[in-house]
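Engineer: This is the structure I have questions about; it appears just below.
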Amino acid sequence: MPVRHGVVAIIPAKDEAERISSTVRAVTALPHTMTVIVVDDGSSDDTAALAADAGAYVSRHPHTMGKATAMATGVQYAQQLGYARSPVLFVDADLEDSAGAITPIVEPVLEGAADLTIANLPKQKTAGGGSGRVVRLARDGIAQATGRRVEQPLSGQRCLNPAALEAALPFASGWGVEVGMTIDVLNAGLRVEEVPVELHHRVTGTDLRAKLHRAAQFRDVWFALRRRR
């Protein structure tokens, strides 16, 4: 039987061959990590193989199904491994070695001080190319739905206890997953805390691919908010 004093780390990943190995190793080394699950969301590179080589359990989608579906697949995999009542730690695949600093969002959940924690990241080493429009939409929408202002509503680094995870499921689709999760957990009367954490990830640029990504984010956040009004 698996040990249950700690968290199950779930890492949704797509085409992260350059970063997944170091991210998995950093998360595996955390003192409260019981196991690491990587969900490869239809990558065209060696993300899945490299994640397995780094020591993670790996589930692979045959084609891209979106971040929210990858996260849900990770939750199902954790349940199959016997961790149905364990807290879950969601980690973005591109954090690399900085993922080793994520413990501050784990401790409040394990200590019973919070049901859901959200990592507030510092100013990133490289400036992003976005205007902040998606963040403003998410922040204002959460405030309207719950009365709570969340500084970094799109942060993917989150830790949830079983009660918060139950409230958050089923996840909002696509890139709206974090916004939907925040609203659902707050409206369930559970405790949500934001925690400053020294994490660094790849930021989106200004090319066409980045612009399309931000457009998809805006669309998915808008739908998540609309369905919760």
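Engineer: Normalised by the number of residues in the stretch 2-76, what is the relative contact order in percent for Cα pairs under 8 Å and 6+ residues apart?
Structural biologist: Values: 148 pairs, mean separation 26.1, N = 75.
The value is 35 percent.
Engineer: Treating only the Cα positions of the stretch 1-76 as identical point scatterers, give the base-10 log of I(q)/I(0) from the Debye formula at each q in 0.13, 0.27 Å⁻¹.
Structural biologist: -0.34, -1.24
Engineer: Still on this structure, I have one more. Work out from phi, with θ = phi - 60° and the Karplus expression 6.51 cos²θ - 1.76 cosθ + 1.60, the ³J(HN,Hα) of each residue of the stretch 94-100, listed in order in whole Hz, and give x for Gly and Pro.
Structural biologist: 9, 6, 6, 5, 5, 4, x
Engineer: What is the Cα centroid distance between the stretch 130-186 and the stretch 1-55, reported in whole angstrom?
Structural biologist: Their Cα centres are 23 Å away from one another.
Engineer: Below 8 Å between Cα atoms, with a sequence gap of 6+, how large is the relative contact order for the stretch 68-187 in percent?
Structural biologist: Working: 137 pairs, mean separation 41.0, N = 120.
It comes to 34 percent, rounded to a whole number.
Engineer: Write down Rg/Rh for the chain, rounded to two decimals, with Rg from the C-alpha atoms and Rh from the Kirkwood relation over Cα pairs. Could you put the intermediate results ahead of the total?
Structural biologist: Working: Rg = 16.2 Å, Rh = 17.4 Å.
Here the Rg-to-Rh quotient is 0.93.
Engineer: Among 101, 10, 121, whose Cα lies farthest out toward the positive end of the dipole of the chain, if unit charges sit on the beta carbon of Lys, Arg (+1) and Asp, Glu (-1)?
Structural biologist: Ranked along the dipole, the leading option is 121.
Engineer: Pick out, in residue order, every one of the trypsin sites (Lys or Arg not before Pro) in the stretch 1-85 that is DSSP loop and has at most 16 other C-beta atoms within 10 Å; say none if there are none. Please report the intermediate quantities before stating the final value.
Structural biologist: Details: sites: 4, 14, 19, 25, 60, 67, 85; in loops: 4, 14, 19, 85.
In loop regions of the stretch 1-85 (DSSP not H, G, I, E or B), the sparsely surrounded trypsin sites (Lys or Arg not before Pro) are 4, 85.
Engineer: Taking all protein chains as present, what is the carbon and sulfur share of the accessible area of the stretch 80-229, in % to the nearest whole number, probe 1.4 Å? Spell out each step's value before the answer.
Structural biologist: Working: 3570 of 7170 Å².
Roughly 50 percent of what the probe reaches on the stretch 80-229 is carbon or sulfur.
Engineer: Okay, next question. Let me know the Rg and Dmax you get for the stretch 18-145 when you use only its Cα atoms, in Å.
Structural biologist: 15.8, 45
Engineer: In debye to the nearest 20, how big a dipole does the stretch 22-112 give about its Cα centre with +1 on each Lys and Arg Cβ and -1 on each Asp and Glu Cβ? Intermediate results must be reported in sequence, preceding the final value.
Structural biologist: Values: 4 positive and 11 negative charges, 79 e Å.
Roughly 380 debye, rounded to the nearest 20.
Engineer: Follow-up. Classify the stretch 41-110 from the C-alpha gyration tensor, please: rounded if a/c falls under 1.5, else prolate or oblate depending on whether a/b exceeds b/c. Please report the intermediate quantities before stating the final value.
Structural biologist: On the way: a/c = 1.83, a/b = 1.29, b/c = 1.42.
Oblate is the answer for the stretch 41-110, as a/c is 1.5 or above yet b/c matches or exceeds a/b.
Engineer: So, counting K/R as plus one and D/E as minus one, what does the shell of residues with Cβ under 15 Å around residue 216 add up to?
Structural biologist: Numbers: positive: 14, 67, 133, 209, 211, 214, 219; negative: 41, 178, 207, 220.
Around residue 216, the charge tally is +3.
Engineer: Using alpha carbon coordinates only, what is the Rg to Rh ratio of the stretch 132-229, with Rh defined as the Kirkwood radius? Walk me through the numbers before you get to the answer.
Structural biologist: Values: Rg = 13.4 Å, Rh = 13.9 Å.
Value, to two decimals: 0.96.
Engineer: Hey, can you find the accessible area per residue of the chain for me, probe 1.4 Å, expressed in square angstrom? Intermediate values should be presented prior to the final figure.
Structural biologist: Numbers: 10560 Å² over 229 residues.
Ligands and nucleic acids excluded, the result is 46 Å² per residue.
Engineer: Where nothing but the Cβ of Lys and Arg (+1) and of Asp and Glu (-1) is charged, how large is the charge dipole of the chain around its Cα centre, in debye to the nearest 20? It would help to have the intermediate numbers written out before the result.
Structural biologist: Values: 25 positive and 25 negative charges, 194 e Å.
Here the size comes out at about 940 debye.
Engineer: For the chain, with the dipole built from +1 on Lys and Arg beta-carbon atoms and -1 on Asp and Glu ones, taken about the Cα centre, which of 138, 42, 112 lies farthest toward the positive end?
Structural biologist: Among 138, 42, 112, the one farthest towards the positive end of the dipole of the chain is 138.
The values are calculated or read from the model by the stated rules, or taken from the named source; none is laboratory data. Fair warning: this is a prediction, and the values are worked out from it, not measured in the lab. So basically every Cβ, Gly included, is an ideal-geometry build from the backbone, and we count neighbours across all protein chains shown. Protein only, heavy atoms only, side chains kept; ligands, DNA and RNA dropped before computing areas. Shrake-Rupley method; radii C 1.70, N 1.55, O 1.52, S 1.80 Å.
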